[in-house]
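The values are calculated or read from the model by the stated rules, or taken from the named source; none is laboratory data. This is a predicted model, so every value here is computed, not measured. Cβ sites come from the backbone with ideal geometry, for glycine too, and all protein chains shown count toward neighbours. Each accessible area value is taken on the protein alone, full model and side chains, heavy atoms only, with ligands, DNA and RNA left out. Shrake-Rupley method; radii C 1.70, N 1.55, O 1.52, S 1.80 Å.
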Amino acid sequence: MSKIEILQVGPYPAWDEERLNAHFTMHRYFEAADKAAFLAAHAAGIRGIATRGELGASRAMIEALPHLEVISVYGVGYDAVDLQAARERGIRVTNTPDVLTKDVADLGVAMMLTLARGMIGAERWVRSGDWAAKGGYPLQSQAHGKRVGILGLGRIGFEVGRRLAGFDMDIAYSSRTPKEGAGNWTYVADPVALAARSDFLFVTLASTAETRHIVDREVLRALSPSGMLINISRAATIDEEALLDALENKTLGSAALDVFEGEPKLNPRFLALDNVLLQPHHASGTVETRKAMGALVFDNLSAHFDGRPLPTPVL
Ligand code: 8YV
């Protein structure tokens, strides 16, 4: 029997590619010079898409594949998949929740500590010989015991809060409604009010039409010249122009960012700033988690084609 054909939107680690190639015929879209011609050439056979969180599947891609049945996303975020286009055709969509939650929270907290304690500059201080030549590194600001705001108390936001409770922080959060399980954390419905009571503001929201640019000029102003913004969600949750203005004008203290508009290219204004920590969208980037994500991408595809229930369906 011939193998089922899948459109592979982006590359995966070798262990995932091996398993996918063993079971399916994978069409490597990302290697095609002429994408439209590639889609047209393989459209008749393709029944599934394997994509990544940041790459998704556009309406044009979905509409170019008349026999498409399932889209399997390597990532918890599926904002780059045109869900409406999938829904119209009854196409199933899956993602990789849970397996990456703790890694993303770990990186968010590490970013906060790295920036608050000036660890990048401090490392440079040692390597450059400044320590021996000039003495101790300039004093930095304390992290433990401070006020933290978590914008979006989903799985990742909750794990950020759990970690920061260990740093004796005063924890508050915003979400549509107060969350069971938030214990003594303070519920603040309004993001501006949350920012106003925060030294550190974590963005841990899913990217939707409702959360687009939820961190706007007003939220950034409320966070204040001593505040720090940490984004481990999607760039679209923040008005990036407003963020750059606030960082340049120092009306916002600092920002630690794992995601950017137009990544992997980023606005060059970020590179001129010394009050930012820039990370290459790798919050889920550990071997252990990426293996679990890859296994889920495969399990969802094979469950669909074997007629079994999807392990982690979105649609
Ligand atoms: C991945 C992500 O970096 O889970 C998500 O939504 O954005 C990340 O975990 C990405 O999907 C890997 O390509």
Of all residues in the stretch 52-86 being in contact (Cβ under 8 Å) with a residue 60 or more places away in the chain, within 23 Å of E17 (Cβ to Cβ) and among the charged types (D, E, K, R), which is nearest to the ligand (Cβ to nearest atom)? E54
Selected residue (criterion: most open to solvent (accessible area, probe 1.4 Å)) from residues of the stretch 149-199 that are of a type in the set (D, E) and out of contact with any strand residue (DSSP E or B) (no Cβ under 8 Å at 6 or more places or on another chain): E180
Scan (1) away from the ligand (no atom under 16 Å from the Cβ); (2) outside any helix (DSSP H, G or I) for the single condition I49 breaks and write down its number. (1)
Pick from the stretch 259-295, criterion under 16 Å from D16 (Cβ atoms), surrounded by 15 or more Cβ atoms within 10 Å (Cβ to Cβ) and not basic (K, R), ranking: farthest from the ligand (Cβ to nearest atom): A295
Scanning the stretch 54-73 for residues that are in contact with an Asp or Glu (Cβ under 8 Å, 6 or more places away or on another chain) and open to solvent by 20 Å² or more (accessible area, probe 1.4 Å), the one farthest from L39 (Cα to Cα) turns out to be E54
Identify the single condition in (1) more than 16 Å from the ligand (Cβ to nearest atom); (2) outside the structural domain of I120 (by TED's automatic domain parsing); (3) in contact with a helix residue (DSSP H, G or I) (Cβ under 6 Å, 6 or more places away or on another chain) that F298 does not satisfy, given that it satisfies every other one. (1)
With respect to T211, determine if the residue is β-branched (V, I, T), out of contact with any Gly (no Cβ under 7 Å at 6 or more places or on another chain), touching a residue at least 12 places away in the same chain (Cβ under 8 Å) and within 16 Å of the ligand (Cβ to nearest atom). yes
Checking A116 against (1) within 16 Å of the ligand (Cβ to nearest atom); (2) outside the structural domain of D299 (by TED's automatic domain parsing), only one condition comes out false. Which one? (1)
What's the number of the only condition in (1) surrounded by fewer than 21 Cβ atoms within 10 Å (Cβ to Cβ); (2) touching a residue at least 40 places away in the same chain (Cβ under 8 Å); (3) not in a helix (DSSP H, G or I) that A44 fails to meet? (2)
